[in-house]
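In what follows, a structure is listed as structure tokens, so that the remarks can point back to it.
The values are calculated or read from the model by the stated rules, or taken from the named source; none is laboratory data. Bear in mind the structure is a predicted one, so any value in this text is a computation, not a measurement. In this analysis, Cβ positions are derived from the backbone assuming ideal geometry, glycine residues included, and neighbour counts consider all displayed protein chains.
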Amino acid sequence: MEIQEPGRAARYSQSRRSQIGLPNAQVVVLNIDKPFRVGRRLLLAGSAAALLAAAVHITPGTAAPAPSAAAREQALEDEKQIRDLLEEYGHRFDTLDLVGYSQLFSAQGTWNGNYGGSYVRATGPAEVLAMMTRVLGNPQYDPKKVAGFHVMSNFLIHVEGDHATARSRWTFFTRGEGNVLAPALAGHYEDRLIREKSQWKFFERRVFKDIPTDE
């Protein structure tokens, strides 16, 4: 809404109109040098709060419609599936399911980060699998001889239709001296995700190591 007054104008931008729920309000000219009455209420001149209250009563607009129950339910389901994807990434890595790990990426999905001593960008499941086997070979997982595992946390997910973004943290724990659990590395992920064939997958995963930092 835009409110104008001769000699002294108070303006509200289009974005401000939407924020206060009056996207279709008309321009109103008020003389705010004198008290004025709205309904049964006398509003004092010069009061910004009173001016806004007057505008709300005089020129009500149309508020944005609330999301439907079905839309809210779909949003919650999408967030759950994406959170499961972020967790499954760590599980398949830790259990050395390299084929399953690579299949978490879309056909054009990329893995980006330092791995095996150099910066790597792998595109698509085949390249992601090749990257992992180049560094790890073809190891077999033994649940009785776990050397280390990832803990995923601090998920922040934003969904827009068939696309989404996510940010999360990872901490890698190892088996230290005396068979003691010890944190070894920590960092974060920045992701773009896509719904591909009704399943959420990584479209871009950027891997960052925060502690310790590389010299």
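Among the residues of segment 175-202, how many are part of a strand (DSSP E or B) and under 21 Å from TRP111 (Cα atoms)? Selection size over segment 175-202: 16. Pairing residues of segment 103-114 that are assigned by TED's automatic domain parsing to the domain that holds LEU129 and closer than 8 Å to VAL207 by Cα with residues that are surrounded by 21 or more Cβ atoms within 10 Å (Cβ to Cβ) and hydrophobic (A, V, I, L, M, F, W, C), at Cβ distances under 6 Å and at least 6 apart in sequence or on separate chains, gives TRP111/ALA122; TRP111/VAL128.
Results for (1) modelled with pLDDT under 95; (2) out of contact with any helix residue (DSSP H, G or I) (no Cβ under 6 Å at 6 or more places or on another chain); (3) of a type in the set (A, V, I, L, M), shown as yes or no for each residue.
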site: PRO60; (1), (2), (3): yes, yes, no
site: SER68; (1), (2), (3): yes, yes, no
site: GLN81; (1), (2), (3): no, yes, no
site: GLU88; (1), (2), (3): no, yes, no
site: TRP111; (1), (2), (3): no, no, no
site: ASN114; (1), (2), (3): yes, yes, no
site: GLY117; (1), (2), (3): yes, yes, no
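Only one entry of VAL135, VAL120 meets the criterion of being free of Cβ contacts under 8 Å to residues at least 40 places away in the same chain, part of a helix (DSSP H, G or I) and not small (Gly, Ala, Ser), and that entry is VAL135. For segment 138-163, the candidate set comprises residues that are part of a strand (DSSP E or B) and small (Gly, Ala, Ser); within that set, the residue that is surrounded by the fewest Cβ atoms within 10 Å (Cβ to Cβ) is SER153. With the requirement that a residue be more than 26 Å from the chain's Cα centre (by Cα) and either surrounded by 10 or more Cβ atoms within 10 Å (Cβ to Cβ) or within 16 Å of ASN114 (Cβ to Cβ) (or both), what does segment 174-215 give you? Within segment 174-215, THR174, ARG175, GLY176, LEU181, ALA182, PRO183, ALA184, ASP214, GLU215 qualify. The set of residues in segment 170-181 being modelled with pLDDT of 95 or more and either not hydroxyl-bearing (Ser, Thr, Tyr) or not assigned by TED's automatic domain parsing to the domain that holds PHE149 (or both) consists of TRP170, PHE172, PHE173.
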